[in-house]
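What follows is a single structure, written as structure tokens, with notes after it.
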Amino acid sequence: MIRTYKCRAKLTRSGHEALSRVFGMCATLYNACLEERIDCYKKTGESRSYYDQCKALTEVRADDPEYDNISVQVFRGVVGRMDKAYKRFFKHGGFPRFKSSRRWRTIEINDQCWKMLKREGQKLFLKIKGLPRIEVKTERELPPNALLKAIRITRKPLRTEVALSYELPTPDVKPENNPVGIDMGISKRLALSNGETVEKREMDRRKLIRLQRSISRKKKGSNNRRKAVSLLAKEWQRLTEKERNYLHRLTSEIVRMYDFIAIEKLETKKMLGNRQLARSIQEQTWGKFATLLNEKAESAGVTVVAVNPEGTSQECSNCGARVEKSLSVRIHRCTCGYEADRDLNAAINILHRGILIAGGKLKQSRMVGRMREKQGVPLARPRTVEVTV
């Protein structure tokens with residue numbers, strides 16, 4: 001399995017300037033590769049391959065000392081990025097576009113990475129030919145360098161970051177003795193089949209609105225407008241990092257607590273067609289939650305099953321009967337006498353479907369037994385779980 005460790009990069013002022021120069025060279029090379037492919041297709045009806053352009057890169061480096069003084073792995077990453085963009089065009093559409101040097105922010109290295117990360121005392125440094133010396137600030141122990149498969153250096157609004165991708169062995173799967181179903185919603189971000197809930201995310205957009213209005217008042221192309229755009233980008237990054245850190249803590253807590261997890265397989269893009277709910281759906285970041293949950297579960301040997309969510313809110317988790325209700329109805333009431341919170345009922349149905357997908361070999365958890373005993377209770381109200389840091 002591939003795991004990526006994101007670390008902060010520490011550079012000097014001259015190091016930032018040198019890195020900006022390399023970003024500009026990468027953008028120039030990318031545009032040249034794109035132009036070559038377009039011209040070749042117009043003249044011959046065929047495109048250039050990745051290997052053809054790598055050979056051309058060798059000739060460019062032989063003629064231009066500026067490119068020759070920088071590691072070839074840096075520029076092969078640019079050619080590979082061009083190749084991926086072309087292949088994606090033939091599969092999904094969207095022809096590659098020429099890149100501005102100001103908008104090029106990433107250097108990718110996918111070969112011989114283990115030679116570039118070196119430890120000096122208690123510090124880690126990236127030493128790449130032609131690039132400035134980069135100190136890597138990490139808060140946790142990294143795997144051995146022999147497992148390092150890719151390096152990405154990215155300049156973001158707030159800082160420059162280094163992403164180190166390692167190929168790690170897949171751990172053994174844990175015994176599936178403590179299962180849980182998770183319903184993702186809007187009124188509650190998560191509802192677990194044991195009655196616990198996670199409150200919905202509510203973004204404070206006041207500062208974003210103020211910064212966006214400031215941009216609107218600036219003249220296009222002016223330095224003041226560029227500064228205002230930078231401030232808005234920094235604020236967005238702060239909010240994004242805050243949310244991602246919270247999701248890391250939340251998913252880690254869930255993976256530690258349960259051995260088998262059933263979640264919904266949601267088509268978020270289709271759901272965004274609802275104008276009344278689009279913003280609320282985006283704020284809950286269901287896709288990021290599912291991605292991080294799958295990654296952490298794989299690392300911990302926990303099984304995650306994605307089930308079809310159709311009808312989970314309408315179906316009774318006690319008797320299986322279908323009880324039609326609109327989205328505004330938040331309590332599930334069935335003719336069999338079972339009554340529970342709508343999201344809790346859906347979470348139990350998701351767990352049942354996950355158990356069926358897993359082959360029905362899982363034991364019914366103590367939680368399901370408790371819910372069966374509560375059929376005579378008027379309303380099973382979920383409580384809010386506090387996620388520890």
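The values are calculated or read from the model by the stated rules, or taken from the named source; none is laboratory data. Nothing here was measured: the structure is a model prediction, and the numbers come from that model. Because the Cβ atoms are built from the backbone with ideal geometry, glycine has one as well, and the counts that use them run over all protein chains shown. To get the accessible areas, we keep the full protein, side chains included, count just its heavy atoms, and leave off ligands, DNA and RNA. Shrake-Rupley method; radii C 1.70, N 1.55, O 1.52, S 1.80 Å.
At a glance:
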read-out	value
Those residues of segment 178-203 which are hydroxyl-bearing (Ser, Thr, Tyr) and crowded, with 22+ Cβ neighbours inside 10 Å, in sequence order	SER193, THR197
Residue among THR170, THR138, THR154 that alone is hydroxyl-bearing (Ser, Thr, Tyr), in contact (Cβ under 8 Å) with a residue 24 or more places away in the chain and in contact with a Leu (Cβ under 9 Å, 6 or more places away or on another chain)	THR138
Conditions (1) open to solvent by 50 Å² or more (accessible area, probe 1.4 Å); (2) more than 21 Å from ILE128 (Cβ to Cβ); (3) assigned to a helix (DSSP H, G or I); (4) hydrophobic (A, V, I, L, M, F, W, C); number of the one not met by ALA62	(2)
Some residue of segment 26-34 being in contact with a Leu (Cβ under 7 Å, 6 or more places away or on another chain) and either within 17 Å of ASN110 (Cβ to Cβ) or modelled with pLDDT of 90 or more (or both)	no
Tally, over segment 321-343, of residues that are among the aromatic types (Phe, Trp, Tyr) and open to solvent by 40 Å² or more (accessible area, probe 1.4 Å)	0
Residues of segment 318-359 that turn out to be touching a residue at least 12 places away in the same chain (Cβ under 8 Å), outside any loop (DSSP other than H, G, I, E, B) and of a type in the set (D, E, K, R), as a count	5
Residue in segment 249-265 that is in contact with a helix residue (DSSP H, G or I) (Cβ under 7 Å, 6 or more places away or on another chain) and open to solvent by 40 Å² or more (accessible area, probe 1.4 Å) present	no
Number of the exception - GLU46 against (1) open to solvent by 50 Å² or more (accessible area, probe 1.4 Å); (2) in a helix (DSSP H, G or I)	(2)
Qualifying residue in segment 206-216 (condition: part of a loop (DSSP other than H, G, I, E, B) and either of a type in the set (Asp, Glu) or modelled with pLDDT of 90 or more (or both))	no
When residues of segment 266-288 are limited to those that are open to solvent by less than 20 Å² (accessible area, probe 1.4 Å) and touching a strand residue (DSSP E or B) at 6+ places or on another chain (Cβ under 7 Å), the one farthest from SER193 (Cα to Cα)	GLN284
Selection status of ALA18, touching a Gly at 6+ places or on another chain (Cβ under 9 Å) and open to solvent by less than 70 Å² (accessible area, probe 1.4 Å)	yes
Matching entry among TYR67, TYR86, TYR5 (being surrounded by 11 or more Cβ atoms within 10 Å (Cβ to Cβ), under 30 Å from VAL173 (Cβ atoms) and touching a residue at least 40 places away in the same chain (Cβ under 8 Å))	TYR5
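Rundown of residues vs (1) of a type in the set (Lys, Arg); (2) closer than 20 Å to GLU36 by Cα; (3) open to solvent by 30 Å² or more (accessible area, probe 1.4 Å), yes/no style:
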position: LEU57; (1), (2), (3): no, yes, no
position: ILE128; (1), (2), (3): no, no, no
position: ASN145; (1), (2), (3): no, no, yes
position: ALA150; (1), (2), (3): no, no, no
